[in-house]
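Here is the structure we will look at, set down as structure tokens.
The values are calculated or read from the model by the stated rules, or taken from the named source; none is laboratory data. Computed from a predicted model, the values in this text were never measured in an experiment. Using ideal geometry, Cβ is built from the backbone for each residue, glycine included, and neighbour counts are taken over all protein chains shown. Heavy atoms of the whole protein, side chains included, go into the accessibility calculation; ligands, DNA and RNA do not. Shrake-Rupley method; radii C 1.70, N 1.55, O 1.52, S 1.80 Å.
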Amino acid sequence: MADPASYRPRTGEVPTSPGVYRFRDPDGRVIYVGKAKTLRSRLASYFQDPNGLHPKTRAMVFTAASVEWTVVGSELEALQLEYTWIKQYTPRFNIMYRDDKSYPYLAVTMNEKYPRVQVMRGDKRKGVKYFGPFHPAKAIRETVDLMLRVFPVRTCSSGVFRRAELSGRPCLMGYIDKCAAPCVGRISQVGHRQLAQDFCDFMAGDAQKYIRRLEAQMKEAVADLRYEDAARRRDDIAALKRVFERNAVVLSETTEADIFAFADDELEAAVQVFHVRDGRIRGQRGWVVEKVEDVSGATMVEQLLEQVYGSLEDSSRIPREVLVPELPENTDQVAALLSGMRGAQVSLRVPQRGDKRSLMETVKENAVLALRVHKTRRSGDLTTRSAALRELQEALELPEPLLRIECYDISHVSGTNVVGSMVVVEDGMPKKADYRKFSVTGDAARDDTAAMRNVLTRRFRHYLEDQERSGTFATGEIAPEPDPADVAGLTGPGGVAEGPAGASVDGPSSRRFAYPPSLVVVDGGPPQVASAVQALADLGITDLPVVGLAKRLEELWLPGEEFPLVLPRASQGLYMLQRIRDESHRFAITFHREKRGKSMVSSALDGIEGLGPAKQKVLLKHFGSVKRIRAASVEQLQEARGIGPALAATVHAALHPGITVTGDESAEAVKDRGGAEGADTASSEPVTHGVNLTTGEILD
């Protein structure tokens with residue numbers, strides 16, 4: 001740990017203007033971002049007597065190795081820049097309201113020929129009616145399932161709908177009467193659109209009309225002694241009432257607001273928000289976060305609003321009114337920031353009385369309960385994790401705490417589809433955002449040790465590149481941003497590494513690799529450990545501890561040791577290593593199965609010169625299956641969009657090897673004149689393309 005006095009800036013060097021500052025650790029990683037009205041006085045507060053600092057603030061200044069700042073023109077600019085950097089660097093010591101998903105909405109695609117009901121996230125689309133937000137997404141699916149009893153609107157994807165049209169058979173939802181099946185003509189286009197409009201009207205609050213209609217139908221069925229029909233209407237009424245109760249009006253129907261409330265202690269805070277739309281509670285969300293500093297409620301509100309609304313893909317979903325328990329110090333700037341995001345006025349205030357105040361108390365109760373449950377669940381976990389990390393540190397005789405552990409595993413079947421995985425644990429907890437998967441090809445895939453060496457080389461090569469790119473930061477100096485050309489995603493020897501979302505990480509698009517682990521764990525014994533150590537040594541890295549965990553006897557193998565280190569079977573440290581090893585194995589197996597599955601799906605259309613994936617999709621969409629493409633003549637192939645005479649002839653020749661076909665001569669004609677060879681070529685060859693191996697029907 002660095003002494004804060006070693007990088008403390010001179011008082012005269014720090015300006016008195018408003019600005020944003022960043023603390024960096026010895027590896028150049030941004031660990032804290034803050035803003036200040038006066039940079040000089042704010043930074044000075046971090047370098048006072050360490051014993052007077054908040055415990056986590058003290059840990060932050062001792063973890064940091066440098067501080068830098070940027071002067072801006074106003075407090076609003078400082079607010080915007082602070083949020084931008086927090087989002088870019090995800091600093092370890094900032095309060096982070098992490099949520100991996102955007103708001104889920106119930107959407108009805110009225111812009112389609114046959115409207116579809118589905119769950120949607122992200123930007124709003126023109127012609128689509130939205131209801132929500134709902135949270136969790138399970139609430140939307142339960143609502144849709146109840147609604148489909150009465151309003152059987154289409155819910156299937158375009159591919160399923162198209163396949164049902166071609167086959168003349170509805171999907172499962174059509175067979176169980178939860179879809180009116182417009183795909184096979186059970187209902188007209190006009191009738192299905194009216195059904196979708198009724199669905200929208202009910203969700204918009206016009207519920208009693210439909211409930212009264214069903215009650216009248218039930219009474220009519222009873223009068224006619226149609227008791228089964230009456231029972232179905234009774235169940236439909238009960239389903240609609242359950243949906244209606246979920247969307248009960250709590251405020252005036254013009255109210256569109258998000259209501260936030262906190263519950264906190266010295267170390268953590270729980271946040272809850274109710275989303276009120278059209279006077280109804282459409283959804284609820286919550287976070288529990290660690291308090292890095294002894295921040296006030298006003299500061300927490302400011303940071304919460306920045307992060308929650310700044311991460312929205314569609315900023316028009318920010319409501320007209322935001323109700324908070326305490327106003328931030330710079331209320332006008334925060335309100336201006338939200339209004340700028342939304343493109344319309346946003347009111348930021350504290351409710352004082354009435355229904356809104358009562359609803360905020362309810363939100364507060366939820367936050368108190370959430371914090372209590374979190375504390376109860378975490379108390380045992382925190383103790384166990386701390387004990388496990390301490391045991392490992394002592395057993396391996398390491399000088400530094402194990403803040404970050406990385407574990408690597410290799411997966412393959414008989415040397416094919418070789419892949420590697422990297423899982424990350426920080427403070428004893430998985431950090432899935434830093435997980436990585438690697439494709440290993442060529443000479444690197446010849447055996448496990450070569451693959452392990454390749455994966456470690458690629459991972460730590462990027463670590464060194466990021467170190468070189470970040471350079472050494474002087475006090476008050478701004479680090480240069482990477483050239484966009486450097487972020488394009490590079491391919492290292494032996495394959496491409498992918499992140500959790502499939503994005504290439506063999507390039508420095510995000511500085512995930514810049515933070516070195518405290519311990520490298522490999523799945524295996526002495527050969528794998530030696531391979532990992534050699535990979536690091538080749539890169540000039542000699543100060544990272546490496547250990548291997550062998551499956552057979554759960555032994556720990558250290559580099560150069562003749563005998564393994566055996567931890568007690570009841571050791572918390574051993575349990576933690578086993579869980580990390582098992583997680584890396586699971587992650588590697590998942591990627592391997594995905595890669596193997598893709599390699600097993602081939603197509604008769606693959607490899608045809610000039611016919612790429614886009615034009616393959618065009619042909620499949622036009623004809624419906626590979627079988628029909630094979631049966632088409634050269635002239636018929638040209639009817640597909642973008643398929644010219646030359647390409648049509650090439651495709652036809654590739655699907656009928658050894659047969660010369662011209663004009664509009666079909667595969668049936670080839671069979672008639674070409675004998676057994678032509679017939680076999682035209683009709684009996686099994687192919688795969690996400691299709692039935694026998695019939696050629698699409699299976700997407």
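Cβ-Cβ distances below 6 Å connect the following pairs, each with a first residue in region 39-58 that is of a type in the set (A, V, I, L, M), a second residue that is at pLDDT 80 or above and part of a loop (DSSP other than H, G, I, E, B), and a separation of six or more residues or different chains: Leu39/Val14; Leu39/Pro15; Leu43/Val14. The condition of being among the small types (Gly, Ala, Ser) and modelled with pLDDT under 75 holds for only one of Gly642, Gly612, Gly675, Gly624, that being Gly675.
Of all the residues in region 568-590, those that are surrounded by fewer than 21 Cβ atoms within 10 Å (Cβ to Cβ) and touching a strand residue (DSSP E or B) at 6+ places or on another chain (Cβ under 7 Å) number 3.
Of the residues making up region 601-629, those that are within 27 Å of the chain's Cα centre (by Cα) and either of a type in the set (A, V, I, L, M, F, W, C) or buried (at least 20 other Cβ atoms within 10 Å of the Cβ) (or both) are Val601, Ala614.
Residues in region 48-76 that are touching a strand residue (DSSP E or B) at 6+ places or on another chain (Cβ under 9 Å), farther than 25 Å from Glu268 by Cβ and not β-branched (Val, Ile, Thr) were compared, and the one that is most open to solvent (accessible area, probe 1.4 Å) is Glu75. Here Leu43 meets each of (1) farther than 29 Å from Glu468 by Cβ; (2) among the aliphatic types (A, V, I, L, M); (3) modelled with pLDDT of 85 or more with one exception, condition (1). May I ask you to verify whether Val413 is of a type outside the set (D, E, K, R) and in contact with a Lys or Arg (Cβ under 8 Å, 6 or more places away or on another chain)? The answer is yes for Val413.
Buried (at least 19 other Cβ atoms within 10 Å of the Cβ), more than 32 Å from the chain's Cα centre (by Cα) and at negative phi - does that describe any residue in region 546-553? So far as region 546-553 goes, no, none of its residues is buried (at least 19 other Cβ atoms within 10 Å of the Cβ), more than 32 Å from the chain's Cα centre (by Cα) and at negative phi. Kindly establish whether Ala395 is closer than 27 Å to Pro545 by Cβ, aliphatic (A, V, I, L, M) and part of a helix (DSSP H, G or I). So Ala395 passes the test. Scanning region 325-376 for residues that are open to solvent by less than 20 Å² (accessible area, probe 1.4 Å) and assigned to a loop (DSSP other than H, G, I, E, B) yields Pro328, Asn330, Val346, Pro351. A single member of Leu389, Leu403, Leu396 is open to solvent by 40 Å² or more (accessible area, probe 1.4 Å), over 18 Å from Val288 (Cα atoms) and out of contact with any helix residue (DSSP H, G or I) (no Cβ under 6 Å at 6 or more places or on another chain), and it is Leu403. Among the criteria (1) over 21 Å from Glu468 (Cα atoms); (2) outside any helix (DSSP H, G or I); (3) modelled with pLDDT of 85 or more; (4) within 36 Å of the chain's Cα centre (by Cα), the one Pro9 does not fulfil is (4). The residues of region 169-228 that are on the phi < 0 side of the Ramachandran plot, assigned to a loop (DSSP other than H, G, I, E, B) and surrounded by 14 or more Cβ atoms within 10 Å (Cβ to Cβ), listed by number, are Pro170, Cys171, Lys178, Cys179, Ala180, Arg186, Ile187, Ala207, Arg226.
Of everything listed in (1) modelled with pLDDT under 85; (2) of a type in the set (Lys, Arg); (3) in contact with a strand residue (DSSP E or B) (Cβ under 6 Å, 6 or more places away or on another chain), the single unmet condition for Arg404 is (1).
Residue-by-condition table, conditions (1) closer than 16 Å to Gln534 by Cβ; (2) open to solvent by less than 10 Å² (accessible area, probe 1.4 Å):
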site	(1), (2)
Gly415	no, no
Val424	no, yes
Pro430	no, no
Ala433	no, no
Phe438	no, yes
Asp443	yes, no
Asp447	yes, no
Arg453	yes, no
Thr457	yes, no
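Scanning region 583-628 for residues that are among the acidic types (Asp, Glu), in a helix (DSSP H, G or I) and more than 18 Å from Val413 (Cα to Cα) gives a single hit, Glu583.
Criterion first (surrounded by 15 or more Cβ atoms within 10 Å (Cβ to Cβ) and part of a loop (DSSP other than H, G, I, E, B)) does Leu556 satisfy it? Considered against the rule, which asks whether it is surrounded by 15 or more Cβ atoms within 10 Å (Cβ to Cβ) and part of a loop (DSSP other than H, G, I, E, B), Leu556 comes out as no. Scanning region 33-47 for residues that are over 33 Å from the mean Cα position of the chain (by Cα), open to solvent by less than 30 Å² (accessible area, probe 1.4 Å) and of a type outside the set (Phe, Trp, Tyr) returns Leu39, Leu43.
Whether any residue in region 304-312 is touching a Pro at 6+ places or on another chain (Cβ under 8 Å), free of Cβ contacts under 8 Å to residues at least 60 places away in the same chain and of a type in the set (A, V, I, L, M, F, W, C) is what I want to check. Yes, that holds for at least one residue. On the given criteria, is Val14 within 24 Å of Tyr463 (Cα to Cα) and open to solvent by less than 30 Å² (accessible area, probe 1.4 Å)? Taking the combined requirement at face value, the residue does not satisfy it.
Residue count for region 256-280 under the criterion of being modelled with pLDDT of 80 or more and in contact with a Lys or Arg (Cβ under 8 Å, 6 or more places away or on another chain): the result is 12.
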